[in-house]
Amino acid sequence: MEMNTNRLHENKDIEVVNISCLYKVTKQLASSSNLKECLENIVNILSKDKEMENGTVTIINPITSKLEIEVADGITAEARRRGTYKLGEGITGRVVASGSPIIIPQIGDEPGFLNKTRTRGDERKKKFSFLCVPIKTASHTIGALSVDREYPEGLGKESENDLRFLTVVSGLIADTVHRVQTVNEEKEALRTENSKLRRELSSKNRIQDIIGNSSRMQEVFEMVHRVADSNATVLLRGESGTGKTLVAKAIHHNSNRKEGPFIVVNCSALPENLLESELFGHEKGSFTGAHTRKIGRFEMAQSGTLFLDEIGEISPAVQVKLLNVIQERTFHRVGGAQPISADIRLVAATNRNLEKAVKENDFREDLYYRLNVFPVYLPPLRERRTDILLLAEFFLEKYAGENKKDIKRISTSAIDLLIQYHWPGNVRELQNCLERAVLICDEESIKSIHLPPTLQSADSIRDGDKLSLARSVENYERDLIIDALKNNNGNQTKAAKYLDTSLRIINYKIHGYNIDPKQYKVK
């Protein structure tokens, strides 16, 4: 009779503890605005009130589909990073995959217990049991709640009560996680919509640092804005010098990773034996000359964007390793055994015909399809001739300022040559051309004589666009009149005297060339 009375009192005590603990847990979930802080407080409550140690909440990452530790009682950040599981892997992975709770009587006796966090020594494994329950929403399992607890008298009613109690707590956590995720999704949708509206209100989808009003460039701007907020891999296609690096930067700076790093790797500039180490890093002593551990570009780009320029130049061996990283979102340093998560946005670029390279077995077909998720084609400069003058004026202002030269404009004859040239080097060649012109020009305007000889040769101009002698004379004459008006504050009489001709001829030429003298008056 006395034993039954003791058990009754013991059960009542357990019930009081459970109710008190549940009240604290519920209060935390209801009052906290920060989910991670709330979960940390809950595992602390379980430790103090229920003697449940090593409380851990593991949640499925929707991007990687892997289980990652959200909070854990008394372990380091490094241990948390190690505690990543695939569905079905280890005890925690099995609980999430099956949706059923598990009790392990002694951690050390269970071969399926992986101890990835390395926080449990041999003594703890002998003494403690491991309890793990799924965290379920109405539709699916989103994670797991696990604790260590010591049962000196072995498993029994107390452990069963604890498992039921943890199931109730996990249900409360699930409701809160679902609510917070829904709120976050709504906030993200509003943020995306707001970002979209702001871009639409900006000047025709212009992107900072990229010059172009042509229809072809408007298509590029639209594609950049469409893909920026996603995590999709982008493949930039186009000839050398078309501005692929600028577009890669634009994708990064318009994305939700803009606060993270933007890391560039020129794959063609590094030999094969260095490229792997450059991309993935290496451990000390992994090869001759590896005196210290090196952090690779993938690791540097964590939470940001990795831009792989000239991706078509990488060797077959590196192609295989890159494919594995894209598929698994993990990689190993050279000579390392520990997998490292790759939380990066990948943007690649090439001027090669990858389809042809795939057919000729120079480029892996599976890697091509992994990279070609969202291709963006950058048009060559000869296909966006309406942008040539815009770009030329931009470079003129830039280099005139850098070299402290007072060059105001580009002459009509020079503009004609710029427009008619076929630009095999694209925007980069135009940039170099204007820098050279600024350096050798000592006048107020860039003339055709200041442009490189390649632009002035007949071979550089398409057959249908060759200038006649009459047209060349007209352009030169127009430039002379404009320069005279500029030097004389738009005064036509003084301009005629400056050119040693009559006012009547000047007026005739001004009307013929549709020149407005008023625009040259200093206000």
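Nothing in this text is a laboratory measurement; each read-out follows from the coordinates by a stated rule. Because the structure is a prediction, the values reported are computed rather than measured. We place every Cβ from the backbone using ideal geometry, glycine too, and count neighbours over all the protein chains shown.
Under a Cβ-Cβ cut-off of 13 Å, what is the net charge of the residues other than residue 349 that fall near it, where Lys and Arg count +1 and Asp and Glu count -1? Residues close to residue 349 contribute a combined charge of 0. Summarising the label geometry, the points placed 7 Å from Cα in the beta-carbon direction at residue 397 and residue 477 lie 3.3 nm from one another. The length gained by stretching the chain between residue 382 and residue 232 to full extension, at 0.36 nm per residue less their Cα-Cα distance, is 51.0 nm.
The mean sequence distance of close C-alpha pairs (under 8 Å, at least 6 residues apart), as a share of the length of region 54-158, puts its relative contact order at 27 percent. Seen against the Cα atoms of the chain and their longest principal axis, helix 388-402 is set at about 90 degrees. Rounded, prolate or oblate, given the Cα gyration tensor of the chain, with a/c below 1.5 counting as rounded? Cα axes put the chain in the prolate bin. Remark: spin-label model distance residue 116-residue 507 equals 8.9 nm, labels positioned 7 Å along the Cα→Cβ axis. Each peptide in 73-82, 295-304 was scored by the mean count of other Cβ atoms within 10 Å over its residues; highest first, the order is 295-304, 73-82.
Of the residues 377, 290, 238, the one whose Cα sits farthest towards the positive end of the charge dipole of region 206-379 is 290 (charges of +1 on Lys and Arg Cβ, -1 on Asp and Glu Cβ, taken about the Cα centre).
Tell me the net charge near residue 89. Cut-off is 10 Å between Cβ atoms, residue 89 excluded, with +1 for each Lys or Arg and -1 for each Asp or Glu.
Details: positive: 66, 86, 94, 116; negative: none.
That sum, taken over residues with Cβ under 10 Å, equals +4.
Sort 501-510, 370-379 by the packing proxy (mean of other Cβ within 10 Å over each peptide's residues), most packed first. Walk me through the numbers before you get to the answer.
Values: 501-510: 14.3, 370-379: 18.2.
Ranking, from highest mean packing down: 370-379, 501-510.
Express in whole angstrom the spacing between the alpha-carbon centres of region 45-97 and region 172-186. What the calculation gives is 18 Å, centre to centre. Between 346, 64, 430, whose Cα lies farthest towards the positive end of the dipole of the chain when Lys and Arg beta carbons carry +1 and Asp and Glu beta carbons carry -1, centred on the Cα centre? Sorting the options by dipole projection puts first 430.
The HN-Hα couplings worked out from phi for region 255-264 by the Karplus form 6.51 cos²θ - 1.76 cosθ + 1.60 (θ = phi - 60°) are 9, 7, 9, 4, 7, x, x, 10, 10, 10 Hz, whole numbers, x standing for Gly and Pro.
Using 15 Å as the cut-off for backbone N distance, which residues of region 50-94 belong to the label zone defined by a point 7 Å from the Cα of residue 293 along Cα→Cβ? Correct set: 77-82. Once phi is turned into θ = phi - 60°, what whole-Hz ³J(HN,Hα) does the Karplus curve with 6.51, -1.76 and 1.60 give for every residue of region 337-351, x standing for Gly and Pro? The phi angles translate into 10, 8, x, 10, 5, 10, 8, 9, 9, 9, 10, 10, 9, 7, 10 Hz. Note on residue 338 and residue 519: with the Förster distance fixed at 60 Å, the Cβ-Cβ geometry gives a FRET efficiency of about 0.30.
For region 139-154, backbone nitrogen atoms closer than 19 Å to the point 7 Å from residue 106 Cα along Cα-to-C-beta are found at 148-154. In the chain, the longest principal axis of the Cα atoms and the axis of helix 503-512 are about 40 degrees apart.
Ordering 422, 450 from the fewest to the most neighbouring beta carbons within 10 Å gives 422, 450.
Each of 415, 475, 147 was scored by the projection of its Cα onto the charge dipole of the chain, and the greatest displacement toward the positive side belongs to 475; charges sit on the C-beta of Lys, Arg, Asp and Glu. Taking the fewest neighbouring Cβ atoms within 10 Å as the starting point, the ordered list for 511, 178 is 511, 178. Applying the Karplus relation 6.51 cos²θ - 1.76 cosθ + 1.60 with θ = phi - 60° to region 449-455 yields 3J(HN,Hα) values of 5, 7, 7, x, x, 4, 6 Hz, where x marks Gly and Pro.
Just add up the charged neighbours of residue 374: K/R +1, D/E -1, any other residue whose Cβ is under 15 Å from the Cβ of residue 374. That sum, taken over residues with Cβ under 15 Å, equals +2.
Near residue 128, the amide H atoms lying under 5 Å from its own belong to 107; only residues 5 or more places off or on other chains count, and H is placed 1.01 Å from N.
Would you mind checking the tilt of helix 469-487 against the longest principal axis of the Cα atoms of the chain, expressed as 0 to 90 degrees and rounded to 10? For helix 469-487, the angle is close to 80 degrees. Close amide H contacts of residue 137 (hydrogens built in the peptide plane, cut-off under 5 Å, sequence separation of 5 or more or a different chain): 142. Amide H contacts under 5 Å for residue 334: 281, 282, 283, restricted to partners 5 or more places along the chain or on a different chain, H placed in the peptide plane at 1.01 Å from N.
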